[in-house]
1. Give me the dipole magnitude in Debye, nearest 20, for region 25-265 about the Cα centre, with unit charges on the beta carbon: positive for Lys and Arg, negative for Asp and Glu.
2. Can you tell me how much longer the chain between Ser53 and Thr166 gets when fully stretched, taken as 0.36 nm per residue apart minus their C-alpha distance, in nm with one decimal?
3. Express as a percent, rounded to the nearest 5, the fraction of DSSP beta bridges in the chain (both residues included) that run antiparallel.
4. Considering only DSSP beta bridges with both partners in region 39-125, what is the antiparallel share in %, to the nearest 5?
5. Which number gives the lysine pairs in region 173-266 that have C-alpha atoms under 22 Å apart and are eight or more places apart or on different chains?
6. Could you pull the Cα extents of region 96-156 along its three principal axes, largest to smallest, in whole Å?
7. How far is helix 185-199 tilted off the main Cα axis of the chain, in degrees rounded to 10, range 0 to 90?
8. Using only Cα atoms, tell me the angle between helix 2-19 and the longest principal axis of the chain; keep it within 0 to 90° and round to the nearest 10.
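Read-outs throughout are calculated quantities, based only on the coordinates presented, and are distinct from any laboratory measurement. Small disclaimer: the values here were computed from a predicted structure and weren't measured. Cβ placement follows ideal geometry from the backbone for every residue including glycine, while neighbour counts extend to all protein chains displayed.
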Amino acid sequence: MIRVKVMYVFILLLITLGSCDPAKKAWNNFNLFPVEDDVELGKQVSNQIESDSKNFPLLPERGNEEVYKYIRSMTQEILNSGKVENRDKFAWEVKIVDDPETKNAFVTPGGYIYVYTGLILFLDEADDLAGVMGHEIAHAAYRHSTAQMTKLYGVDLIRQVVTGNTESGLIGQIAMSLTSLSFSRFHESQADAASVKYLCETRYNAAGAASFFEKIEGQPQPPAFLSTHPSPKNRVEAIKEEAKERKCSTRNARNTDFNRVKQLLK
Ligand SMILES: [Zn+2]
């Protein structure tokens, strides 16, 4: 009898989760991983990235102070929007990967963000870059990366990494997989909408992610970014619509500093 009751409650729960929108959202963001582990996993993966200059040739801080200052102050402005989930729990560090051929950006769990020089050089507007940063921040803030990683490797294996009980090599594999870890279309829509929500409180065009995707989707050869961030239906329109609904400003910010940073990277 008890078993029947439990089963009944479970079925009811599934029906509830599947039927109304906010609950469906919760279901899609269901994550078996405790949030503290995002922080630890991110720390370990970022250490691995720093020590692997072959796969991740990081732009040295020395001699590139202005470039780093620019991208970090842009990130800070987005983080200070007051809208970022887990703002105070995660590290939110930004590093630049010195690879002008690659138009990509990715984020580890716990908020370590990596932006490729190829992506910065490719973009025309500071707002486009802010749109990408907002989108990446959202993937970490909503913990999409751990959700995808636990799907790929299983919770147990990821937990072993966090507790340090793992064979060497796995963490390297995980770091590499982050550059090709693709999100679901649901996660993509959520990150797009969050990007608008964050940017709305900054001086950047709240729909910056729209012009970014317009530009990158117009490429004859789809860049790495697109294979890991699959396009939800009507992506560009949905971002613009979100900005309109939230009554955000869609005026472009000035490009003076952005253009200077691009010059420095050339
Ligand atoms: Zn994405």
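1. 540 debye
2. Difference between extended and current length: 38.4 nm.
3. About 45 percent, rounded to the nearest 5.
4. Close to 45 percent.
5. 11
6. The Cα atoms of region 96-156 stretch 42, 21, 14 Å along their principal axes.
7. That helix lies at roughly 50 degrees to the long axis.
8. Rounded to the nearest ten degrees, it is 30.
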